[in-house]
Number of protein chains: 2
Amino acid sequence: MITFYDIPSALPGNAWSPNTWKTRYSLNYKEIPYKTEWVEYPDIESLCKKVGIPPTSKKKNGADHYTLPAIHDSSTGIALAESKLIAEYLEKTYPNTPKLFPLGTEALQHAFLDAYSATLSAYWQFILPVTTTRLNPPSEEYFTRTRTELFGKPLKDVPPTGEERVVEWKKLQDGFAVVNKWYEKNGRGPFIMGDTPSFADFVVGAFTLFGKLIFTEDSEEWKDIASWNEGRWVKLVDSLEKYAQIV
Amino acid sequence: MITFYDIPSALPGNAWSPNTWKTRYSLNYKEIPYKTEWVEYPDIESLCKKVGIPPTSKKKNGADHYTLPAIHDSSTGIALAESKLIAEYLEKTYPNTPKLFPLGTEALQHAFLDAYSATLSAYWQFILPVTTTRLNPPSEEYFTRTRTELFGKPLKDVPPTGEERVVEWKKLQDGFAVVNKWYEKNGRGPFIMGDTPSFADFVVGAFTLFGKLIFTEDSEEWKDIASWNEGRWVKLVDSLEKYAQIV
């Protein structure tokens, strides 16, 4: 049995984090049994140390940085963090389940993920300041503090306003348009490979669903994103709905 | 019969341009009969107008910009330029030939190409000033003039020197290392999809072969590139040798 460690929010269903959504989509798509354990931000490090989950990076001060998603697989004793590493682990350990990286596409998917990540640069200034308001108090304090450090100013001053907002929002739209141009090339179906989802879709779906959940479905922001690229992003999230169960 | 329009150099075999190499690899891989017609830079525009090959972009002054590679296919009457468009045309028109974009990978390959292109940014300052010395006089004059405009200074002043050269060359090495990390993910074979080449390999192969031809095999530059990433780039060019006939 796999334990999947995720960060809760105050939103219905708790789930919100784009990085952990990648793993939820992966587990559900592969139909691997698991249960979710919710961990508030300030508890992640002690949880990881207890379970034996390795850090994923170093902090600025050189200390180990522990992040979610992470899993512990009781059938192998393996514990690890980071959505791409988890995806590769699941693929290898459960070879007779639907493929996250269909044969021959592993390298192309990794190039896609790097390229996709670069298209999202304008996203954070809009979404992170709202994200913090959706979290439970212990995570909210941690998230606000660390993201304030990241931006170098209070989160309330991060979202651009006036003309700058228009320019930055257009950059976000242009980023989505780049990804749309790639998707258009598949010639069939909502997924990057056509009618079969793969890990690339779970990543794009996770970051898109993140917008829908954090801005909320009725927000101007989500309505705008939903209108872009002939509704591709709504269709993608909807097409992944069957892999979105929170268990 | 297809006529393939390429730009000659003074190098043995004439061929050198990375963009036209993509098309040569594509035609040879698909085993589609063609003959090469060599066109010096100053003659490209009039050739395209005569054959009915559309421009691929606009110049700064708003005028049409005509580029090679281009093909004219006498069996369909179609004439077009730009290696990706040509690849898509060949794929559609000759469906029973080896695939440049194996089913399901079309979108991923396009994302790869955008991501790959971004890794090459440090290349041009080193290679374009040498390239001009390899061309025939009519193309040399045209190439030097247009690339001088591009860099905003004489080509002889473009290659970095001293410490700056070390830094910029390291950037190039880092770019190759990014692409190497993607390739490593395929887990088997020299190609991005493993043991079968696809258009992504023809693009990476073309830019790598460009380095080998322009710097020349005995140069410090090529020897250095050849030593990177456990010889991956030499192996890639060698693995594509069977699709490198100049006809």
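Take every Cα pair under 8 Å whose residues are at least 6 apart in sequence, average their separation, divide by the length of the range A:1-83, and the relative contact order is 36 percent. Averaged over the residues of A:193-202, the number of partner chain Cβ atoms lying within 10 Å of the residue Cβ comes to 2. First check a/c for the range B:5-110, with a ≥ b ≥ c the square roots of the eigenvalues of its C-alpha gyration tensor; if it is under 1.5, answer rounded, and if not, answer prolate when a/b is larger than b/c or oblate otherwise. It is prolate, given that a/c is not under 1.5 and a/b is the larger ratio. Relative contact order of the range A:105-243, taken over Cα pairs closer than 8 Å and 6 or more residues apart, is 24 percent.
Is the C-alpha gyration tensor of the protein assembly as shown telling us rounded, prolate or oblate? Criteria: a/c under 1.5 is rounded; beyond that, a/b larger than b/c is prolate, otherwise oblate. Prolate is the answer for the protein assembly as shown, as a/c is 1.5 or above and a/b outweighs b/c. Across chain A, Cα pairs under 8 Å and at least six residues apart give a relative contact order of 24 percent. Here the gap between A:E141 and A:R188, fully extended at 0.36 nm per residue and compared with their Cα-Cα distance, gives a gain of 12.5 nm.
Kindly give the distances from A:P12 to its copy-mates, label point to label point, with each label point 7 Å from Cα along Cα→Cβ, as nm values to one decimal ordered shortest first. In nanometres, ordered from closest: 7.3.
Taking the Cα centroid of the range A:1-77 and of the range B:156-184, what is the distance between the two, rounded to the nearest whole Å? About 37 Å separates the Cα centre of the range A:1-77 from the one of the range B:156-184. Look at the stretch B:175-185: the mean tally of other chain Cβ atoms within 10 Å of its residues' Cβ atoms is 3. Solvent-accessible surface of protein heavy atoms, probed at 1.4 angstrom with all chains present, puts B:K156, B:K84 in the order B:K156, B:K84, largest first.
Sorted shortest first, the separations between the B:P159 label point and its copies elsewhere in the assembly read 5.3 nm; each point sits 7 Å from Cα along the Cα-to-Cβ line. Fraction of C-alpha pairs exceeding 26 angstrom in chain B: 40 percent, rounded to a whole number. Each Lys or Arg adds one and each Asp or Glu subtracts one; over the other residues with Cβ under 15 Å from the Cβ of A:I78, this totals -3. Between B:L120 and A:A177, the simple label model (points 7 Å from Cα in the Cβ direction) yields a spacing of 2.4 nm. Cα gyration tensor of the range A:164-212, axes a ≥ b ≥ c as square roots of the eigenvalues: rounded (a/c below 1.5), prolate (a/b > b/c) or oblate? Oblate shape, in that a/c is at least 1.5 and b/c is the bigger or equal ratio. Note that the range A:240-247 has calculated 3J(HN,Hα) couplings of 8, 3, 6, 10, 10, 4, 9, 10 Hz, one per residue in order, obtained from phi through the Karplus relation 6.51 cos²θ - 1.76 cosθ + 1.60 (θ = phi - 60°); glycine and proline are x. Charge dipole of the range B:105-243 (Cα centre as origin; +1 on each Lys and Arg Cβ, -1 on each Asp and Glu Cβ, all else neutral): 100 debye, rounded to the nearest 20. Relative to the other identical copies, B:H65 shows label-point distances of 3.8 nm, where the label point lies 7 Å from Cα along the Cβ direction and values run shortest first. Taking label positions 7 Å along the Cα-Cβ direction at both A:Q245 and A:S74, the computed distance is 1.9 nm, reported to one decimal. Summed over qualifying helices (DSSP H, 4 residues or more, each -39500 (n - 2.57)) and divided by its residue number, the protein assembly as shown shows a 222 nm mean residue ellipticity of -16000 deg cm²/dmol. Counting only other chain Cβ atoms within 10 Å of each residue's Cβ, the peptide B:114-122 averages 3. Among the listed pairs B:K35/B:K84; B:K84/B:K153; A:K58/A:K212; A:K30/A:K84; A:K185/A:K223, those with a Cα-Cα distance over 22 Å are B:K84/B:K153; A:K58/A:K212; A:K185/A:K223. B plus A alone minus the pair: what accessible area, both sides summed, probe 1.4 Å, in Å² to 100? It comes to approximately 1800 Å² buried between B and A.
Each label point was placed 7 Å from the Cα along the Cα-to-Cβ direction; for B:K170 and A:T93 their separation is 3.9 nm. Cα-based values for the range A:105-243, radius of gyration first and Dmax second, are 15.8, 46 Å.
Counting only heavy atoms of the protein chains and using a 1.4 Å probe, B:T67 has close to 40 Å² of accessible surface. Comparing A:S57, A:T93, A:N19 along the charge dipole axis of the range A:2-93, the residue lying farthest to the positive side is A:S57, per the Cβ-charge model.
Among the residues of the range A:89-113, those with an accessible-area drop of 30 Å² or more from chain alone to full protein complex, heavy atoms and 1.4 Å probe, are A:G104, A:E106, A:A107, A:L108, A:H110, A:A111.
Sequentially through the range B:146-156, phi angles give Karplus couplings (6.51, -1.76, 1.60; θ = phi - 60°) of 6, 6, 5, 4, 4, 7, x, 7, x, 4, 5 Hz, Gly and Pro residues having no value and appearing as x.
The values are calculated or read from the model by the stated rules, or taken from the named source; none is laboratory data. Only a predicted model underlies this, so the values are computations on that prediction, with no experimental measurement involved. Quick reminder, even Gly has a Cβ in these numbers, built from the backbone with ideal geometry, and neighbours come from all protein chains shown. Please note that ligands, DNA and RNA were not included when accessible areas were found on the heavy atoms of the full protein model with its side chains. Shrake-Rupley method; radii C 1.70, N 1.55, O 1.52, S 1.80 Å.
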